[in-house]
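Everything on this sheet refers to the single structure shown next.
The values are calculated or read from the model by the stated rules, or taken from the named source; none is laboratory data. Not measured: the values here are computed from a predicted model. We place every Cβ from the backbone using ideal geometry, glycine too, and count neighbours over all the protein chains shown.
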């Protein structure tokens, strides 16, 4: 399949995606057809522009027709996603653009081996640009020629989990080692340990002391645990000490529930 230079072939879908507050509300208001519309919307965005989608009345009409959903319901879905912070409100209201910090970070991570100048790319959030620049100590050594195909340059999420775990364990500068993982945490029916480690790495929570605390408080990434609610419902672009914030939220919930 032909792919625009800005697009990517794959994007991660978190196992708790359907438990996210905006998605649950879409399902409550519009049923499974609403969930399908959101996923198709993300696919269209990542495939065509990579990290944003121009959205106006005409685009809404065409998309609703292709998706098989009523246009009024599609408009309702967009409103829910904007109101709940799934998409950035300012860009939508001022420029009719659907995007978010989370979507942009996924795209930036997936295309980091492409040669690109962030300052020339449209609709990038300032927070994402700063995070990207801070994470690259010397850009000239991190770029490859533009003639490399986007499909080969894109990085599959699943293939990176083991690498990220190793980097988290070996690359941290603090004196603590990661806790040994209990056997039950590898049960995919009850836990998502690898997903939690990957998410913490993406959030740049890499101090082993903080990672260990989060692992203990979340019971090593137990599914439907409070840790996933905090991760998906917090606007992390406004949080500086992300590890400490997440730990404090989990401690508060633990005291509240007494578990």
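The rows are residues; the columns are (1) at pLDDT 85 or above; (2) within 28 Å of residue 88 (Cα to Cα); (3) surrounded by fewer than 17 Cβ atoms within 10 Å (Cβ to Cβ).
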residue: 168; (1), (2), (3): no, no, no
residue: 181; (1), (2), (3): yes, no, yes
residue: 185; (1), (2), (3): yes, no, no
residue: 209; (1), (2), (3): yes, no, yes
residue: 220; (1), (2), (3): yes, no, no
residue: 227; (1), (2), (3): yes, yes, no
residue: 231; (1), (2), (3): yes, yes, no
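Summed over segment 24-50, residues that are touching a helix residue (DSSP H, G or I) at 6+ places or on another chain (Cβ under 6 Å) and over 12 Å from residue 76 (Cα atoms) total 3. Among the conditions (1) within 24 Å of residue 14 (Cα to Cα); (2) free of Cβ contacts under 8 Å to residues at least 40 places away in the same chain, residue 107 misses just one, which is (2). Residue by residue through segment 49-86, note down the ones that are in a loop (DSSP other than H, G, I, E, B) and either at negative phi or touching a strand residue (DSSP E or B) at 6+ places or on another chain (Cβ under 9 Å) (or both). Result: 49, 51, 52, 55, 56, 69, 70, 84, 86. Within segment 125-141, identify whether any single residue is surrounded by 12 or more Cβ atoms within 10 Å (Cβ to Cβ), modelled with pLDDT of 85 or more, not in a helix (DSSP H, G or I) and not assigned by TED's automatic domain parsing to the domain that holds residue 214, and answer yes or no. Yes, some residue in segment 125-141 is surrounded by 12 or more Cβ atoms within 10 Å (Cβ to Cβ), modelled with pLDDT of 85 or more, not in a helix (DSSP H, G or I) and not assigned by TED's automatic domain parsing to the domain that holds residue 214. Determine, yes or no, whether residue 46 is under 23 Å from residue 238 (Cα atoms), part of a helix (DSSP H, G or I) and in contact (Cβ under 8 Å) with a residue 12 or more places away in the chain. Criteria not met by residue 46.
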